[in-house]
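Asker: First the structure, which I've put down as structure tokens, then a few questions once you've had a look.
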Amino acid sequence: MEVRCVLAEGHRAIDVARTVHDRTRASLTTLVTTHGTAGTVTVTVTITRITRTKPKVARRLLKSKK
């Protein structure tokens, strides 16, 4: 699974990539297990650009962490 994301200014790329990777892998592992499909899940995260303001999705994710 390849995931592409936009990084909001002020966040470290490695931290965001790890968070996205871990959440995506956990979701996919659950899905694969639920459907009884065997195999490993590989997740690749690509940061496509950096924005000056936080996208709305990023704001929701950051608020849900608190």
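The values are calculated or read from the model by the stated rules, or taken from the named source; none is laboratory data. What you see is a predicted model; the values in this text were computed from it and never measured. Note that we place each Cβ from the backbone using ideal geometry, even for glycine, and neighbour counts take in every protein chain shown. Note: areas computed on protein heavy atoms with side chains; ligands, DNA, RNA excluded. Shrake-Rupley method; radii C 1.70, N 1.55, O 1.52, S 1.80 Å.
Asker: Between Thr34 and Glu9, take the C-beta separation as r, use R0 = 30 Å, and let me know the FRET efficiency to the nearest 0.05. Write out the running numbers ahead of the final one.
Answerer: Working: r = 37 Å, r/R0 = 1.24.
E between Thr34 and Glu9, to the nearest 0.05, is 0.20.
Asker: Leaving ligands, DNA and RNA out of it, report the carbon-plus-sulfur percent of the accessible area of the stretch 1-43 at a 1.4 Å probe. Working shown, then result.
Answerer: On the way: 1730 of 3110 Å².
Roughly 56 percent of what the probe reaches on the stretch 1-43 is carbon or sulfur.
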